[in-house]
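Report on the structure given below.
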């Protein structure tokens, strides 16, 4: 049986109830996939675990310092993540439907921007499905490139 590579997802959200509901929704949507989801209330705890867990996806609350006034905000965490692992897929999550925040998020390297609303979980699931497709396409491309290289080496 072929074991699929595990996808690690960080949810960085200072609202524990929301974070847990999001985790459960993602687990239900991707029940047949090998995923690991870790929850963090602050950007600082996310950063501490980032290098050890090496997540492919981070769902990041824009306003992390609502609960912890001294906590770094989502943009600072996003900047750190992109500096450490530019290929990470980061979904910026906020309750504000503000084009300026969306633009700022994309300028700092976010892959997607989701407003907390009635359809938030569906939008996140759709975004994650697109990421999985991109990840598979990159993996297939790398595989074909290796096979082509082997073919060239064997025919020369």
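If a residue has to be within 15 Å of the chain's Cα centre (by Cα), assigned to a helix (DSSP H, G or I) and surrounded by fewer than 16 Cβ atoms within 10 Å (Cβ to Cβ) to count, how many in segment 26-46 make the cut? So the count comes out to 1.
Looking across segment 74-88, the residues that are closer than 17 Å to residue 51 by Cβ and in contact with a strand residue (DSSP E or B) (Cβ under 7 Å, 6 or more places away or on another chain) come down to 77, 78, 81, 88. Taking the conditions (1) within 24 Å of residue 41 (Cβ to Cβ); (2) at pLDDT below 90; (3) not in a helix (DSSP H, G or I) in turn, residue 109 satisfies each one other than (2).
For residue 84, are the conditions met, namely being surrounded by fewer than 13 Cβ atoms within 10 Å (Cβ to Cβ), in contact with a helix residue (DSSP H, G or I) (Cβ under 7 Å, 6 or more places away or on another chain) and either closer than 24 Å to residue 117 by Cβ or modelled with pLDDT under 95 (or both)? For residue 84, the condition - surrounded by fewer than 13 Cβ atoms within 10 Å (Cβ to Cβ), in contact with a helix residue (DSSP H, G or I) (Cβ under 7 Å, 6 or more places away or on another chain) and either closer than 24 Å to residue 117 by Cβ or modelled with pLDDT under 95 (or both) - is met. Could you look through segment 65-106, keep only residues that are part of a loop (DSSP other than H, G, I, E, B) and touching a residue at least 40 places away in the same chain (Cβ under 8 Å), and pick out the one that is nearest to the chain's Cα centre (by Cα)? Taking the candidates together, the pick is 71.
Of all the criteria given as (1) more than 20 Å from residue 35 (Cα to Cα); (2) modelled with pLDDT under 90; (3) out of contact with any strand residue (DSSP E or B) (no Cβ under 9 Å at 6 or more places or on another chain), the one not satisfied by residue 99 is (2). In segment 57-64 there is at least one residue that is under 21 Å from residue 129 (Cα atoms), in contact (Cβ under 8 Å) with a residue 60 or more places away in the chain and either in a strand (DSSP E or B) or out of contact with any helix residue (DSSP H, G or I) (no Cβ under 9 Å at 6 or more places or on another chain) (or both). In segment 10-25, which residues are under 14 Å from residue 114 (Cβ atoms) and in a strand (DSSP E or B)? The answer is 11, 12. Kindly check whether there is at least one residue in segment 110-133 that is touching a residue at least 12 places away in the same chain (Cβ under 8 Å), farther than 29 Å from residue 33 by Cβ and surrounded by fewer than 17 Cβ atoms within 10 Å (Cβ to Cβ). No; the residues of segment 110-133 include none that is touching a residue at least 12 places away in the same chain (Cβ under 8 Å), farther than 29 Å from residue 33 by Cβ and surrounded by fewer than 17 Cβ atoms within 10 Å (Cβ to Cβ).
The values are calculated or read from the model by the stated rules, or taken from the named source; none is laboratory data. Just so it is clear, the structure is predicted and the values come from calculations on it, not from any experiment. Ideal geometry is used to build each Cβ from the backbone, glycine not excepted, and the neighbour counts take in all protein chains shown.
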